[in-house]
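Participant: Here it is, the structure in full.
The values are calculated or read from the model by the stated rules, or taken from the named source; none is laboratory data. The structure displayed is predicted, hence computed values, not measured ones. Note that each Cβ is placed from the backbone with ideal geometry, even for glycine, and that neighbours are counted across all protein chains shown. Ligands, DNA and RNA are stripped out before the accessible areas are found, and what is left, the full protein with its side chains, is counted by its heavy atoms. Shrake-Rupley method; radii C 1.70, N 1.55, O 1.52, S 1.80 Å.
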Amino acid sequence: MERIDASVDPASIVRLEAPVTFKAYLMCAFAAFAGVLFGYDSGYISSVLAMREFKKQYGHRVPTSVDKTGYDYTSSQHALIVSILSAGTFFGALISAPLADRFGRRTTIIAGSFIFMAGVTIQVAAADIPGLVIGRLVAGFGAGFVSATNILYMSEVAPRKVRGAIVSCYQFAITIGIMLASCVGYATRTRMDTGAFRIPIAIQYLWALILALGLFLLPESPRYFVKKGRLDLAIQALSRVRGQPEDSDRLHDELAEIQANYEYEKHIGQVSWLGCFGGGIQNRNSNIRKVFIGTAIQAFQQFTGINFIFYYNTTFFQSIGLTDPFVISIITTVVNVCSTPVSFYTIERYGRRALLIYGALAMSICEFIVAAVWTSDANSTTANYCLIVFVCLYIFFFASTWGPAAWVVIGEIFQLPIRAKGIALSAASNWFWNCIIAVIIPYIVGPGEGNLGGHVFFVWGTTCAISALFAYIFVPETKGLTLEQVDKMMDEVSARHSSKWRVHDTFLQETSGATQDSTTAKSHS
């Protein structure tokens with residue numbers, strides 16, 4: 001095994017990362033395309049659930065006074081069809097962690113893409129709800145592989161100065177997927193055959209195929225090779241993701257720091273799943289503290305209520321009497337897409353922590369306004385316009401803050417020995433609460449059930465306020481730091497003081513210093 005010489009000059013901390021070419025930036029950003037898979041799958045179900053042909057195929061006859069199409073499904077069927085994808089994704093995310101550590105990040109994402117395509121095949125062929133549910137479960141399983149491992153991959157290959165922006169591209173890809181699904185659903189909604197919903201389902205093949213083929217051309221994560229002890233392959237991979245020759249001094253400096261950090265952490269030993277929950281919650285750099293932050297931030301992302309909008313927007317707008325809910329659904333998805341790129345700048349300019357705190361407060365205000373107007377003037381034209389306007393504002397604040405920032409943070413806070421498992425647990429938390437919310441929404445909002453209607457925004461407004469408090473207390477600022485520096489920062493300061501922390505030395509300096517001290521001690525003895 002070739003070993004990279006770690007005896008680089010430690011005087012300049014700014015040399016911890018090699019310069020990056022524009023081609024290398026594009027390579028890093030392409031991995032974000034994985035978001036299209038989940039975004040499209042989330043978006044298409046919202047559109048097809050409101051289609052007459054879909055209701056006719058999978059529902060049952062009802063009086064036109066109940067549903068003007070003459071067909072509908074029960075709340076339990078509604079909830080099962082929507083939520084089962086997230087259930088599959090939950091388990092897929094957990095299983096992906098050991099696979100990513102054993103076979104590689106890139107290989108796991110490619111495998112997830114093919115599993116996703118198998119699920120799409122079952123959905124296209126399904127003639128009844130059980131078949132549709134199985135197909136969405138399998139597709140969710142593949143999406144779980146992709147979602148957790150993709151964040152891991154992007155966080156490990158992205159340059160530190162733009163890591164937040166590049167990982168934010170994943171959320172941007174999700175919004176594009178949702179918008180594409182709405183557009184396809186709008187184009188096929190008037191068809192009088194099963195093509196109305198089977199065409200939107202089948203298009204998912206394209207997104208999975210593009211991702212799989214693209215990943216074949218991208219390099220593996222250099223940090224994965226360091227973890228495996230293959231420094232010869234690590235320098236090759238780092239050369240590709242930085243766009244620099246393998247003999248570059250800056251490239252070797254960066255690899256030496258990654259290696260030194262891993263050697264420093266390796267004394268912990270192989271971290272098991274149980275080990276992810278060790279160290280004590282009060283210890284700000286313990287494994288369990290980081291897992292708590294990662295899983296909680298993904299849970300709160302769901303508690304903002306965003307998937308209430310994108311899973312049920314068409315049927316919800318339809319239920320409150322808006323004349324063309326499909327058009328309004330497209331408007332909300334366009335707002336989502338156009339707002340997300342704002343985060344590319346703000347997440348590096350103002351940081352992750354600020355976006356999470358102020359974004360949650362802004363969403364809370366929008367949702368309380370919607371709920372208050374609905375309460376005072378429900379079902380009127382004024383209330384409906386208010387709902388649309390402030391829902392769009394709420395989507396803007398989500399898409400430019402919590403949407404991307406929650407993914408960025410979980411990709412940055414875990415040290416290498418538990419990074420795959422920590423990100424998998426965090427992503428699984430997202431899908432778990434995603435599933436729970438998808439299950440309960442038809443029961444708490446539906447006219448035949450809880451009948452909350454627009455009052456549900458009181459719930460989302462409250463949870464957004466709690467999300468802001470959580471971010472203020474627990475989420476550290478990781479802007480502009482390498483993944484190795486994030487670990488040092490969390491060890492030395494609390495989340496509330498993290499934005500003031502500055503780099504003062506490196507793991508390479510520490511390990512070199514420790515080696516020198518040991519040598520000196522031996523010579524004296």
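Participant: Which count do you get for residues in region 385-415 that are surrounded by fewer than 24 Cβ atoms within 10 Å (Cβ to Cβ) and assigned to a loop (DSSP other than H, G, I, E, B)?
Facilitator: 1
Participant: Something else about it: Could you say whether any residue in region 154-163 is open to solvent by 40 Å² or more (accessible area, probe 1.4 Å) and not in a helix (DSSP H, G or I)?
Facilitator: Checked region 154-163: no residue is open to solvent by 40 Å² or more (accessible area, probe 1.4 Å) and not in a helix (DSSP H, G or I).
Participant: Name the one entry in Gln123, Gln77 that is touching a residue at least 40 places away in the same chain (Cβ under 8 Å), open to solvent by 50 Å² or more (accessible area, probe 1.4 Å) and in a helix (DSSP H, G or I).
Facilitator: After ruling out the rest, the residue left standing is Gln77.
Participant: Would you confirm, using the coordinates I've provided, whether Asn430 is in a helix (DSSP H, G or I) and within 15 Å of Cys169 (Cα to Cα)?
Facilitator: When the stated conditions are applied, Asn430 does not pass them.
Participant: Ok, one more. Among the numbered criteria (1) within 21 Å of Ala212 (Cβ to Cβ); (2) touching a residue at least 40 places away in the same chain (Cβ under 8 Å), which single criterion is violated by Leu94?
Facilitator: If we test Leu94 against (1) within 21 Å of Ala212 (Cβ to Cβ); (2) touching a residue at least 40 places away in the same chain (Cβ under 8 Å), just (1) comes out false.
Participant: Is it true that Ala93 is modelled with pLDDT of 85 or more and farther than 19 Å from Ala158 by Cβ?
Facilitator: yes
Participant: So which residues in region 454-468 are among the β-branched types (Val, Ile, Thr) and open to solvent by less than 10 Å² (accessible area, probe 1.4 Å), if there are any at all?
Facilitator: Val456
Participant: Ok, one more. Looking for something without any contact (Cβ under 8 Å) to a residue 40 or more places away in the chain and either under 16 Å from Ser86 (Cα atoms) or within 16 Å of the chain's Cα centre (by Cα) (or both) - is there at least one such residue anywhere in region 164-183?
Facilitator: No, region 164-183 has no match at all.
Participant: Further, regarding this structure: Looking only at region 350-404, how many residues end up being closer than 16 Å to Ile331 by Cβ and of a type in the set (Val, Ile, Thr)?
Facilitator: Total meeting the criteria: 5.
Participant: Taking the options Ala34, Ala18, Ala11, name whichever one is buried (at least 19 other Cβ atoms within 10 Å of the Cβ), at pLDDT below 75 and of a type outside the set (Lys, Arg).
Facilitator: One residue alone meets the criteria, Ala18.
Participant: Against the conditions (1) of a type in the set (Val, Ile, Thr); (2) in contact (Cβ under 8 Å) with a residue 60 or more places away in the chain; (3) more than 25 Å from Ser86 (Cα to Cα), where does Val48 fall short? Just the number, please.
Facilitator: For Val48, the exception is condition (3).
Participant: Are any of the residues in region 202-215 assigned to a loop (DSSP other than H, G, I, E, B), at pLDDT 90 or above and open to solvent by 10 Å² or more (accessible area, probe 1.4 Å)?
Facilitator: As a first pass, look at region 202-215 and keep what is assigned to a loop (DSSP other than H, G, I, E, B): 203.
Narrowing the set further to residues that are at pLDDT 90 or above leaves 203.
Then drop every residue that is not open to solvent by 10 Å² or more (accessible area, probe 1.4 Å), which leaves 203.
Yes, there is a match, as at least one residue in region 202-215 is assigned to a loop (DSSP other than H, G, I, E, B), at pLDDT 90 or above and open to solvent by 10 Å² or more (accessible area, probe 1.4 Å).
Participant: Anything in region 327-379 that is farther than 22 Å from Ala173 by Cα and small (Gly, Ala, Ser)? List them, or say none.
Facilitator: Ala354, Ala362, Ser364, Ala371, Ala372, Ser376, Ala378
Participant: Does region 357-372 contain any residue that is more than 16 Å from Trp460 (Cα to Cα) and either out of contact with any Leu (no Cβ under 6 Å at 6 or more places or on another chain) or of a type outside the set (A, V, I, L, M) (or both)?
Facilitator: No; the residues of region 357-372 include none that is more than 16 Å from Trp460 (Cα to Cα) and either out of contact with any Leu (no Cβ under 6 Å at 6 or more places or on another chain) or of a type outside the set (A, V, I, L, M) (or both).
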